[in-house]
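This report refers to the structure that appears directly beneath it.
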Amino acid sequence: MPYSLAIFDLDGTLADSFPWFLRTINDVADRFNFRRVADDEIEELRHASTREILARLEVPLWKLPAIARHARRLKAEAAAEIPLFAGVETMLRTLAGNGVQLALVTSDSEANAREKLGESAALFAHFDCAASLFGKPAKFRRVVRRAGAEPSRVIAIGDEVRDIDAARVVGIACGAVCWGYAAPAALRALAPDHVFAQMDEIADVVCRTPKA
């Protein structure tokens with residue numbers, strides 16, 4: 001198989017949290033005094049990078065830790081409202097059954113992540129959760145090291161531009177899903193190694209035997 005370790009993002013990749021995010025973001029904006037998101041801005045923001053989104057919403061960087069802590073609390077309270085995408089459990093079982101190590105990297109807490117994943121959490125060998133001053137590249141490096149995997153056989157799968165950027169910093173493959181937070185066109189513009197339009201495509205690619 002081409003990949004021995006698959007590192008997954010959670011929100012927007014495995015968990016369908018975007019509707020919850022849209023219901024919640026303006027309450028958070030009011031609480032932390034940054035600009036509210038208008039309905040007609042949503043699609044434009046899906047084409048922007050994380051840095052561009054923070055700038056447009058006028059979010060001071062020094063507020064990010066407090067905002068992240070508050071968001072984790074809200075997610076914990078709304079865990080029952082945030083389902084996994086259809087086909088996630090089957091896809092994860094297929095990967096694990098084919099000997100692929102699974103890892104989860106998210107800014108959410110591990111407790112929240114395990115609750116969202118339900119029984120599928122047991123399939124994951126590695127968790128690297130909570131916010132990090134050094135961002136996703138540091139988390140990816142830690143997971144690769146703990147898994148004892150060759151970087152050439154590791155893929156990071158996410159739904160945002162920053163997932164692609166972080167994978168490239170670390171020197172691992174990147175896969176982008178089209179059903180999450182970022183617009184598919186924004187992801188395709190960065191030419192990730194793989195673009196997944198449907199959930200079942202992930203197992204096909206990750207477990208595929210290389211051609212002779």
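Got at least one residue in the stretch 51-72 being closer than 23 Å to Gln198 by Cβ and either surrounded by 12 or more Cβ atoms within 10 Å (Cβ to Cβ) or more than 16 Å from the chain's Cα centre (by Cα) (or both)? The answer is no; no qualifying residue exists.
Residues in the stretch 166-212 that are of a type in the set (Phe, Trp, Tyr) and farther than 17 Å from Ile7 by Cβ were compared, and the one that is modelled with the lowest pLDDT is Tyr181. Out of the residues in the stretch 81-93 meeting the condition of being part of a helix (DSSP H, G or I) and open to solvent by 70 Å² or more (accessible area, probe 1.4 Å), tell me which one is farthest from Leu104 (Cα to Cα). Filtering first and then ranking leaves Glu81. Only a single item in (1) over 18 Å from Asp159 (Cβ atoms); (2) not in a helix (DSSP H, G or I) is not met by Ala111, and it is number (2). Among the residues making up the stretch 7-43, those that are farther than 30 Å from Ser120 by Cα and charged (D, E, K, R) are Asp27, Asp30, Arg31, Arg35, Arg36, Asp39, Asp40, Glu41, Glu43. Across the stretch 168-200, the qualifying residues are those that are more than 26 Å from Ile42 (Cβ to Cβ) and out of contact with any helix residue (DSSP H, G or I) (no Cβ under 6 Å at 6 or more places or on another chain), and the one among them that is most open to solvent (accessible area, probe 1.4 Å) is Arg168.
In the stretch 103-122, of all residues being modelled with pLDDT of 95 or more and surrounded by fewer than 18 Cβ atoms within 10 Å (Cβ to Cβ), the one that is farthest from the chain's Cα centre (by Cα) corresponds to Ala122. Just one of the numbered conditions (1) farther than 26 Å from Arg114 by Cα; (2) part of a loop (DSSP other than H, G, I, E, B); (3) not hydrophobic (A, V, I, L, M, F, W, C) is not true of Thr13: (1).
Screening Phe134 with (1) modelled with pLDDT under 95; (2) out of contact with any helix residue (DSSP H, G or I) (no Cβ under 7 Å at 6 or more places or on another chain); (3) crowded, with 19+ Cβ neighbours inside 10 Å gives one miss only, at (3).
Look at (1) surrounded by 18 or more Cβ atoms within 10 Å (Cβ to Cβ); (2) more than 25 Å from Val205 (Cβ to Cβ) and you find that Ala78 fails only one, number (1). Out of all the residues in the stretch 1-46, which are hydroxyl-bearing (Ser, Thr, Tyr) and open to solvent by 60 Å² or more (accessible area, probe 1.4 Å)? Those that are hydroxyl-bearing (Ser, Thr, Tyr) and open to solvent by 60 Å² or more (accessible area, probe 1.4 Å): none in the stretch 1-46.
The values are calculated or read from the model by the stated rules, or taken from the named source; none is laboratory data. This is a predicted model, so every value here is computed, not measured. Quick reminder, even Gly has a Cβ in these numbers, built from the backbone with ideal geometry, and neighbours come from all protein chains shown. When the accessible area is computed, the model is the full protein with side chains, heavy atoms only, and any ligands, DNA or RNA have been set aside. Shrake-Rupley method; radii C 1.70, N 1.55, O 1.52, S 1.80 Å.
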